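The values are calculated or read from the model by the stated rules, or taken from the named source; none is laboratory data. Being a predicted model, the structure only gives us computed values, none of them experimental. Here the Cβ positions follow ideal geometry from the backbone for every residue, glycine too, while neighbour counts run over all protein chains shown.
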Amino acid sequence: MFDISEVALRLGAATLIGAAIGLNRDLHGKPTGVRTLGLVALGAAAITFAAGHIPGTAGVDGSAMSRVMQGVLTGIGFLGAGVIIHEDANHRVRGLTTAACAWITACIGMVCGVGDWSIVLVTVPLVLLLLFLGGPLEKMARRSWKHDGETPHDG
């Protein structure tokens with residue numbers, strides 16, 4: 001069994017990372033924020049961590065872990081679907097980035113739950129880089145190629 005410091009590290013890291021991603025969404029006026037994505041990451045980490053330590057098993061049951069991960073991602077799919085809006089008048093889809101944030105936040109939470117810190121250390125900066133620089137790069141590209149207004153927005 002893990003000591004409380006290992007549990008706190010895994011769950012705390014997931015919560016802080018989810019909150020950071022949520023802060024980006026909140027600053028952009030999106031429907032998810034610090035609390036929502038912090039909870040998504042924490043919940044995904046907690047259930048993944050727990051699934052890896054099911055009482056009565058001799059170690060990590062890969063089959064059980066796989067089923068838990070599938071269940072988390074299915075549930076997050078429903079959460080993400082709730083923020084996607086299709087505007088017929090403008091032929092635009094909104095909320096895809098926010099839905100993707102819920103999905104990647106759950107994934108990061110699950111990785112924190114299993115304690116694979118190398119994946120966390122590479123994934124989190126890439127996610128934040130995409131969130132902070134992706135929008136401005138898209139706008140710059142649209143201006144450069146004069147496609148502003150023709151490309152559906154995914155924010």
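Quick notes
- Contact map, segment 2-28: residues that are touching a residue at least 24 places away in the same chain (Cβ under 8 Å) and hydrophobic (A, V, I, L, M, F, W, C) paired with residues that are surrounded by fewer than 16 Cβ atoms within 10 Å (Cβ to Cβ) and not in a loop (DSSP other than H, G, I, E, B), Cβ distance under 8 Å, separation 6+ or inter-chain. Pairs shown: Ala20/Leu128; Ile21/Leu128.
- Top-ranked residue of segment 136-155 - restricted to ones that are surrounded by fewer than 10 Cβ atoms within 10 Å (Cβ to Cβ) and charged (D, E, K, R), ranked as modelled with the highest pLDDT: Lys146
- Only a single item in (1) over 20 Å from Thr15 (Cα atoms); (2) surrounded by fewer than 17 Cβ atoms within 10 Å (Cβ to Cβ); (3) of a type outside the set (Ser, Thr, Tyr) is not met by Gly95, and it is number (2).
- Single condition Trp103 does not satisfy, out of (1) part of a strand (DSSP E or B); (2) of a type outside the set (Ser, Thr, Tyr); (3) within 21 Å of Leu126 (Cα to Cα): (1)
- Failed item, numbered, when Leu9 is tested on (1) of a type outside the set (D, E, K, R); (2) in contact with a Gly (Cβ under 7 Å, 6 or more places away or on another chain); (3) surrounded by 14 or more Cβ atoms within 10 Å (Cβ to Cβ): (2)
- Residue check, His86 surrounded by fewer than 18 Cβ atoms within 10 Å (Cβ to Cβ) and touching a Leu at 6+ places or on another chain (Cβ under 9 Å): no
- Test: residue in segment 98-121 that is out of contact with any Gly (no Cβ under 7 Å at 6 or more places or on another chain), at pLDDT below 85 and surrounded by fewer than 12 Cβ atoms within 10 Å (Cβ to Cβ): no
- Tally, over segment 25-51, of residues that are over 17 Å from Val120 (Cα atoms) and crowded, with 21+ Cβ neighbours inside 10 Å: 4
- Close pairs (9 angstrom Cβ cut-off, 6 or more residues apart or separate chains): in a helix (DSSP H, G or I) in segment 41-63, hydroxyl-bearing (Ser, Thr, Tyr) and modelled with pLDDT of 65 or more anywhere: Ala41/Thr15; Ala41/Thr105; Leu42/Thr15; Ala44/Thr105; Ala45/Thr15
- Total residues in segment 88-100, condition assigned to a strand (DSSP E or B) and either among the acidic types (Asp, Glu) or within 18 Å of Leu27 (Cβ to Cβ) (or both): 1
- Sub-6 Å Cβ pairs linking a first residue in segment 108-121 that is over 14 Å from Val72 (Cα atoms) to a second residue that is aromatic (Phe, Trp, Tyr) and in a helix (DSSP H, G or I), at least 6 apart or interchain, number zero.
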